[in-house]
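To start, the structure itself, in structure tokens.
The values are calculated or read from the model by the stated rules, or taken from the named source; none is laboratory data. No experiment lies behind these values; they were computed from the predicted model shown. Here Cβ is always computed from backbone atoms with ideal geometry, including for glycine, and neighbour counts include all displayed protein chains.
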Amino acid sequence: MAGFDYDLFVIGAGSGGVRASRIAAGHGARVGICEDDLVGGTCVIRGCVPKKLLVYGSHVAEEVEDAAAYGWTIPHPRFDWPTLRDNVQKEVMRLNGVYKNLLKGAGVELVVGRGRLMDAHTVAVGERIVTADKVLLATGARPWRPDIPGADLAIVSDDAFHLPTLPKRVVIVGGGYIAVEFAGIFNGLGAEVTMVVRRERVLRGFDEDCRQAVQDGMQAKGVAFRTRAQIVRLERRGGAIAATFADDTVLEADVVMYATGRHPNISGLGLDKVGVHLDKAGAVAVDEWSRTTVPSIYAIGDVTNRLNLTPVAIMEGHCFADTVFGNRPRKPDHHDVPSAVFSQPQLATVGLSEEQARRVHGQVHIYEARFRPMKYTLSGREQRTFMKLVVDAASDRVVGVHMAGDDAAELIQGIAIAVKAGATKAIFDATVGIHPTAGEEFVTMRTRRPDPAPAAEAAE
Ligand code: NDP
């Protein structure tokens, strides 16, 4: 390895790349990492972190509204978007500094600029050429939008954090994680939000009952839906944007946001030149050890399009570093990964949906709870929580746990340990609840939903 500048050179200083480089350096490797933007990647700079801060901000209106039932008089509440926007950016900049210090503290050299592969061991970063025994691609993904006339009038989530003013009317296209999260944010902050979804329901791939619970909950909070709808054209009309639908109807908005998915960030990386193959979806093809088709080049995170979540990229990066530099071979485990959507209502899940469980296990038992959380009994807020356990009938193992409602992410994180450990429904039943909480419902569901369950067929 002595002939190379580094033992490892990482392209992309997001969550996965930073973790891999720090762990490899901890194992004694000489590590460099390049980044042409702030350090921290999508999650820290323009994703999970600033998004969740906006979600917190958007909840305040309801808290203030409900305060009266608890005896509080809060005169003239007023929201100021630039204050929230700028405070969020300050936190992003603080975290950028924290990440830079983490790299420095680990002895990883940060090279500013975009990396481009020259050969299997050589990377160009601007004018500088570096060589490394191993190269790790951790470049993430970037927003994609359909190529319709006027598409450039629309924003993507990256831009939403920097809007000069809070729009009064927002149209959000797409029904995935980002679309529903930003619909909740803009709606909570007081904008009029319309979601344009090409199917009947949002969040394809999640448990059907949960999809319905989230959509119903969003509607109850005032988000409007145009389902089975496609926008074919955007045009400027005065100060507004006019969105024309396939059926020729037109909707005007101040901001149109596309959240129609993200594509692996491979452009300009020089992959074809060095023989790194892509899969059918255009992501970097890797094996279970995160090895690409070139033996010295590895890839982790969203650029590989396995399970596009920050903690998964971190796991993949850590496993790579332990395997290649720590003499401790470990493969990332993509089973029973919990995840949450910070929509309003919030959705969190671990394991299989009811529909997946029926396909995998055949007979399953379903336990459900729907209730109004205690917090809303005084204020009378019509907000429901939905919980569901999916149990494999043959083994009694709980193979899926789902929740739509307040604190779903916090609760499911704990439950995920039980699911990962293979807990049975009998163990859930033997666990004493904490009263009064929403979570206790998970250990007190005794009545099975009657079989058969016609709702188990996916709507689409
Ligand atoms: P998703 O893949 O989750 O959703 C994309 C949405 O856009 C789907 O509803 C899809 O519809 C729709 N869509 C795709 N193409 C078109 C089109 N041509 N016209 C209309 N609608 C279209 O992407 P996101 O951008 O929301 O999120 C990207 C990734 O980021 C996700 O994979 C997720 O893992 C990650 N993420 C995770 C978060 C979290 O953990 N909380 C938060 C935010 C993002 P259809 O269902 O019909 O395909």
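One residue alone among 224, 229 is in contact with a strand residue (DSSP E or B) (Cβ under 8 Å, 6 or more places away or on another chain), on the phi < 0 side of the Ramachandran plot and within 15 Å of the ligand (Cβ to nearest atom), and that residue is 229. Being touching a helix residue (DSSP H, G or I) at 6+ places or on another chain (Cβ under 6 Å), away from the ligand (no atom under 16 Å from the Cβ), touching a residue at least 12 places away in the same chain (Cβ under 8 Å) and among the β-branched types (Val, Ile, Thr) holds for only one residue in 123, 193, 108, and it is 108. In summary, residue 171 fulfils each of the numbered conditions (1) part of a helix (DSSP H, G or I); (2) touching a residue at least 24 places away in the same chain (Cβ under 8 Å); (3) within 17 Å of residue 254 (Cβ to Cβ) with the single exception of condition (1).
For the stretch 362-370, indicate whether the set of residues that are among the acidic types (Asp, Glu), surrounded by fewer than 21 Cβ atoms within 10 Å (Cβ to Cβ), on the phi < 0 side of the Ramachandran plot and more than 16 Å from the ligand (Cβ to nearest atom) is non-empty. Within the stretch 362-370 (the criterion being among the acidic types (Asp, Glu), surrounded by fewer than 21 Cβ atoms within 10 Å (Cβ to Cβ), on the phi < 0 side of the Ramachandran plot and more than 16 Å from the ligand (Cβ to nearest atom)), the answer is yes, since at least one residue qualifies.
Filtering the stretch 235-247 to residues that are touching a strand residue (DSSP E or B) at 6+ places or on another chain (Cβ under 9 Å) and under 21 Å from residue 199 (Cβ atoms) leaves 243, 244, 245, 246. Summed over the stretch 213-225, the residues that are surrounded by fewer than 19 Cβ atoms within 10 Å (Cβ to Cβ) and polar (S, T, N, Q) give a count of 1. Of the set (1) crowded, with 18+ Cβ neighbours inside 10 Å; (2) under 30 Å from residue 61 (Cα atoms), all apply to residue 398 but (2).
If only residues of the stretch 23-37 that are more than 19 Å from residue 296 (Cα to Cα) and touching a residue at least 60 places away in the same chain (Cβ under 8 Å) are counted, the one that is surrounded by the fewest Cβ atoms within 10 Å (Cβ to Cβ) is 36.
Every residue in the stretch 265-314 that is in a helix (DSSP H, G or I), in contact (Cβ under 8 Å) with a residue 12 or more places away in the chain and over 18 Å from residue 20 (Cβ atoms), please. Answer for the stretch 265-314, where residues must be in a helix (DSSP H, G or I), in contact (Cβ under 8 Å) with a residue 12 or more places away in the chain and over 18 Å from residue 20 (Cβ atoms): 271, 273, 274. When you look at residue 192, is it crowded, with 17+ Cβ neighbours inside 10 Å and not aromatic (Phe, Trp, Tyr), yes or no? Here the answer is no, as residue 192 does not meet what is asked.
Based on this model, can you work out whether residue 269 counts as within 16 Å of the ligand (Cβ to nearest atom) and modelled with pLDDT of 95 or more? The answer is no for residue 269. Looking across the stretch 168-177 at every residue that is among the small types (Gly, Ala, Ser) and over 24 Å from residue 299 (Cβ atoms), the one that is surrounded by the fewest Cβ atoms within 10 Å (Cβ to Cβ) is identified as 174. When the residues of the stretch 39-83 are filtered to those that are closer than 30 Å to residue 103 by Cα and without any contact (Cβ under 8 Å) to a residue 60 or more places away in the chain, the one that is surrounded by the most Cβ atoms within 10 Å (Cβ to Cβ) is 40. Could you please let me know if residue 160 is away from the ligand (no atom under 16 Å from the Cβ) and of a type in the set (Gly, Ala, Ser)? So residue 160 does not fit the description; no. So for the stretch 272-295 (the condition being of a type in the set (Ser, Thr, Tyr), over 30 Å from residue 160 (Cα atoms) and in contact with a strand residue (DSSP E or B) (Cβ under 6 Å, 6 or more places away or on another chain)), does at least one residue qualify? Checking the stretch 272-295: at least one residue is of a type in the set (Ser, Thr, Tyr), over 30 Å from residue 160 (Cα atoms) and in contact with a strand residue (DSSP E or B) (Cβ under 6 Å, 6 or more places away or on another chain). All of 47, 40 fail the test of being touching a Phe, Trp or Tyr at 6+ places or on another chain (Cβ under 9 Å) and either of a type outside the set (A, V, I, L, M) or at pLDDT 95 or above (or both), apart from 40. I want to confirm something. Restricting to the stretch 282-333 and keeping residues that are touching an Asp or Glu at 6+ places or on another chain (Cβ under 6 Å) and closer than 25 Å to residue 416 by Cβ, which single residue is nearest to the ligand (Cβ to nearest atom)? Within the stretch 282-333, the match that is nearest to the ligand (Cβ to nearest atom) is 308.
Residue-wise test of (1) touching a residue at least 24 places away in the same chain (Cβ under 8 Å); (2) within 22 Å of residue 341 (Cβ to Cβ); (3) surrounded by fewer than 23 Cβ atoms within 10 Å (Cβ to Cβ); (4) within 14 Å of the ligand (Cβ to nearest atom).
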{"site": "139", "(1), (2), (3), (4)": "yes, no, no, no"}
{"site": "148", "(1), (2), (3), (4)": "yes, no, yes, yes"}
{"site": "156", "(1), (2), (3), (4)": "yes, yes, yes, yes"}
{"site": "166", "(1), (2), (3), (4)": "yes, no, yes, no"}
{"site": "179", "(1), (2), (3), (4)": "yes, yes, no, yes"}
{"site": "183", "(1), (2), (3), (4)": "yes, yes, no, yes"}
{"site": "200", "(1), (2), (3), (4)": "yes, yes, yes, yes"}
